[in-house]
1. Taking a ≥ b ≥ c as the square roots of the Cα gyration tensor eigenvalues, with a/c under 1.5 meaning rounded and otherwise prolate when a/b beats b/c, else oblate, which class fits the stretch 693-755?
2. Once you have a ≥ b ≥ c as the square roots of the Cα gyration tensor eigenvalues for the stretch 623-845, tell me rounded if a/c is under 1.5, and otherwise prolate or oblate according to whether a/b is larger than b/c.
3. Would you compute, from DSSP H runs of 4+ residues alone, the mean residue ellipticity of the chain at 222 nm, taking -39500 (n - 2.57) per run and dividing by the full residue count, rounded to the nearest 500?
4. Give me the distance between the Cα centres of the stretch 233-303 and the stretch 71-97, rounded to whole Å.
5. Where only protein heavy atoms count, and the probe is 1.4 Å, what is the accessible area per residue for the stretch 623-845 in Å²?
6. Residue by residue through the stretch 254-264, which ³J(HN,Hα) values in whole Hz follow from phi under the Karplus form 6.51 cos²θ - 1.76 cosθ + 1.60 (θ = phi - 60°), with glycine and proline marked x?
7. Treating only the Cβ of Lys, Arg, Asp and Glu as charged (+1, +1, -1, -1), what charge dipole size does the stretch 11-160 show about its Cα centre? Round to the nearest 20 debye.
8. Order M620, M256 by their accessible area, 1.4 angstrom probe, all chains in place, largest first.
Amino acid sequence: MAFGLNSDDVTAFKLLLCLAVMYGLMSMLAHSIVHMKFVKPLAIDAPLDRFSEARAVEHVRFLSQEIDGRQEGRPGLREAARYINGQLEMMKERASDDFRIEIEETVVDGSFSMMFLGHSISLGYRNHTNILMRISSVDSRDTDPSVLINGHFDSPLGSPGAGDCGTCVASMLEVARLIVDSGWVPPRPVIFLFNGAEELFLLGSHGFMEKHRWHDTIGAFVNVEASGTGGLDLVCQSGPGSWPSRVYAQSAVYPMAHSAAQDVFPVIPGDTDYRIFSQDNGNIPGLDIIFLFGGYFYHTSYDTVERLLPGSIQARGENLFSIIKGFTNSSMLQNFYKQASPEIIIHQDKDDGAIFFDYLSWFMVFYSSGLALVLHKIPIAVFLILPFLLNLRNFSITSCLATFSDLTKGFLSHALGVFLAIVSPVMFSILRLLFTNYSMNWFSHPYLAYLMFVPCSLVGLLIPRTFWSCFPLSQDISVFQASRKVLSDEARFWGAFGFFSSLTMAYLLAGLSGGFLTFFACISMLAAWLSFSLAAKHYGRRSLRSILFFVLPMVPYLAYSVYFGGFLAQFLIEKTGMMGSIPPPYVCGHWLAMSSILQFLLQIIVIGLAVSSQFFPYSMAAPKRVVLQQTYRTSGPNHLENSSYELSVVDSNSLIFLLKHAPDVANELQTDLDLSFETANLSRQENWLALFPVSFMFSRSLKFPAKESTSKKNIHFPYLISSKPQTISDHGSRRVYLELSLGSLEEVWVTVLNVTGPLSNWSFADNKLPAPEILAGGPPSYICRLSGASHENWRFWLEAESEENLRIDVAVLDQQLTNEVKRLKSLFPDWVDVTAYSSFMSTYTF
């Protein structure tokens, strides 16, 4: 044959080409689904009884473009509240007499403790604005159980917040308008909560649950969020119980949900208001629905209306309207205060969850956890009785044990292949760093990740197949009247089946909800083997036609694997990294594990290495994130001790890499382009107190001297003083009364207190201390974040159990920048997104 290929090699390459075409078509389908290509956005002149994405986008445009920042401490947040209130009032004016519409603007305050990003922290807040709209029938009662729709209108530091969470507010406004203009009167009240302090660690929702009179009427809720600018609007959390997910499965127009997300979400950095409603401050059944794509722009200055993915808001709006109908018509809807009744608790205990997933956003598969206990045990039961089923014609204990031995070898071979499929890309990525000066070349070019890592993962998966001959069969060929090749294929296939069956059982025993993935694989493999066995009788086992009959029953599972795996890969690429490939059908392993195919894949790996090294990791469409803090060390309201610039990054390419590719920045900082961490002035963790605990995500920060600025000379700095004499209790503890002034700062985002020493109590969080933190190996610290604009100073007390001094470190984050910082920020390349602010730090002892 040409190129030294024999007939088997040609057959193998034909099979590889067919599989590549099949996976390519599946990938195109998956890409169109996850990027909402199948959803047609309605124009601004769409009928008033339909949800219109164009109308919603106009709200996003105003909130993110016309308003200059919706961060706490900036005037834009108040302007956004006025805009939302105005829109709601216009809806109320044109509503028919069948509606009872109530609109309230409330100011919330409070204090509580929580664990966030694995760190214990207390929070105190005041003067945060929530806007509420309650839509009900004219004859509704105040105590009727209601459905809450929650979204936040504040935005993170340095971001216009078009996706996070202008899209949430816009969707809610358009759905509220749709209810009013369509004439559909909800049978139960619907409450829209536009909360103004989510980015400050869920304060707006906490204030509602603690203070508002409507909170105990909530029987179900939907929290809408955004971790990007569109794409899949995934149900990431649901519960307590299976009722919320059941309502979603029955109602969603474009279902996008799978229970496996609930297994993963707790390990992802961050949190949403779902936590407040369903866990910390309530036991309300609800859904947490989040935009997941466009994560490149999440919490950056590039989160603009132009980055929104068309079709995403349309799908969210139609889903949301339908889900509201589902909840309000459900007989399960109960008041919040009734959620703790014994009957409800018993019901939730019996139905603690469900297994559900959407199939390509076409329909939902939903079944209870009780049914899963039965279904998910079937594959492992089949695997365990296989040695008996395969030996029915020539039954003996010896032959059954021999068959079980071979199936075990197949199980171990497949497990090793999966392990190598995961390890091989990791080893390749480490090796690649020897040939390039930086990592994450694939970050702004996702297709590079597939070119680099999928062939490598496939080679790792197929390696055990090439060594299968080293494992002699235990079965007697003469007894089974079958060739060694046939028995080997059966052992490999059923070993892989046993591997997926074991994973399904492991998910079940661990109480996780992602077992449907491997259960789907097991059922598909059974159907594929039956189809292949029938075809082999007519066409032979080595015929491509027989392999076609094997693949066809696997197509639904493979299509879902590409959809699920592609979505997960893109999400991880946008966030942090990559994932391996989906294993191909094992009947094809004989052909794909041939040396010619392995050599071809190795050549693809080398090409991927060479090509990827030529690409730069970042672009405007996939920016690198940099944090720039100008630190002011002060003592008292008028004395500035020193000032410095502190920079940090949040990915694997360090500041050294950044300064090398941003020479103008390095020149402005008056540093050498050959700077190294050994010679640089490192920034300590405690210098980032203003961003605690988010600062623990930063890597190897650097500190540079700041240029002298005249813009800060005439301001009054924050300071802490004793407000009245300390008192001594009968037990010998002393109480210190303090008053914190924020000086003349006008755009304060947050103030962070770090208290060390013999602290035994304080006036925050219902007079309860959080768990202590250990910062940079120092003494135990108690951290409290304070937020909320006010002309009044913060007044609080600390209680010490001894005469030893209490030390208080204060960090105040102000969003106003000096001209020098603005100039420094402007020097960064356009592939860098810079979050810049000022931090005023001071230390006191009492």
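1. In terms of gyration-tensor shape, oblate.
2. prolate
3. Details: 22 runs with 328 residues, N = 846.
Helix contribution divided over all residues of the chain: -12500 deg cm²/dmol.
4. Spelled out, the Cα-based centre of one part sits 26 Å from the other.
5. Details: 9970 Å² over 223 residues.
Counting only protein heavy atoms, the per-residue value for the stretch 623-845 is 45 Å².
6. The phi angles translate into 10, x, 9, 6, 8, 5, 4, 4, 5, 6, 8 Hz.
7. Value, rounded to 20: 820 debye.
8. Working: M620 90, M256 0 Å².
These residues rank, largest area first, as M620, M256.
The values are calculated or read from the model by the stated rules, or taken from the named source; none is laboratory data. Note that this is a predicted model, so its numbers are computed, not measured. In this analysis, Cβ positions are derived from the backbone assuming ideal geometry, glycine residues included, and neighbour counts consider all displayed protein chains. The area values use the complete protein model at the heavy-atom level, side chains included, leaving out ligands, DNA and RNA. Shrake-Rupley method; radii C 1.70, N 1.55, O 1.52, S 1.80 Å.
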